[in-house]
Amino acid sequence: MQKVDSCGFLIFRDDSNKPGKTKRRFLLMRHADRWDLPKGHVDPGEKKKQCALRELQEETGITADDIRIDGDFKFQEKYIVSYKRDAGLKKRKTLTIYLAELIKPVEIELTEHLGFEWFDWQPPHKIQENSIDPLLKQLANYWS
């Protein structure tokens, strides 16, 4: 079975107005039928983190200078997908998601999505059972 790698970022920010009190929010992108992360397929010769940074900038306008990457957190999941553009051919997909904090204000630039939203960090989350929820559950354990 053919393999495909996809990488992206879960971006969070602190929206607290009071010193010493954190109000985390995380960014999701809107597709017609679901919420998703800024992510995409790894290009030939590209490293996974390079892919994640490229996709983040392409899909949101957020650059590497706008974030602080958490080098200790990485989410990885493997599953089978079929793509319409490949006539339904099934492929084994490996999804790798990195974590980063937005450290300066950025106006989100939509290029591939219908919209975006900053979701309040209030676990447990019920957003998308097969990908987003397991990621957020792992992150809740990491932050606890």
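A short reminder: the numbers here are calculations on the coordinates, not readings from a lab. Just so you know, these numbers come straight off a predicted model, no measurement behind them. Here the Cβ positions follow ideal geometry from the backbone for every residue, glycine too, while neighbour counts run over all protein chains shown.
Can you pull out the residues in the stretch 70-99 that are surrounded by 13 or more Cβ atoms within 10 Å (Cβ to Cβ), out of contact with any helix residue (DSSP H, G or I) (no Cβ under 8 Å at 6 or more places or on another chain) and either of a type outside the set (D, E, K, R) or under 15 Å from L10 (Cα atoms) (or both)?
Hits for the stretch 70-99 are D70, K74, V81, T94, L95.
Identify, by number, the condition in (1) closer than 22 Å to D133 by Cβ; (2) within 16 Å of the chain's Cα centre (by Cα); (3) in a loop (DSSP other than H, G, I, E, B); (4) acidic (D, E) that E59 doesn't meet.
Result: E59 passes all but (3).
Please go through the stretch 92-115 and give me each residue that is in a strand (DSSP E or B), within 22 Å of K49 (Cβ to Cβ) and not hydroxyl-bearing (S, T, Y), ordered by number.
Selection gives R92, K93, L95, I97, L99, A100, E101, L102.
Give the stretch 111-144 a look and list any residue that's in contact with a helix residue (DSSP H, G or I) (Cβ under 9 Å, 6 or more places away or on another chain) and free of Cβ contacts under 8 Å to residues at least 24 places away in the same chain, or say none.
Listed by number, the residues that qualify are P123, P124, H125, K126.
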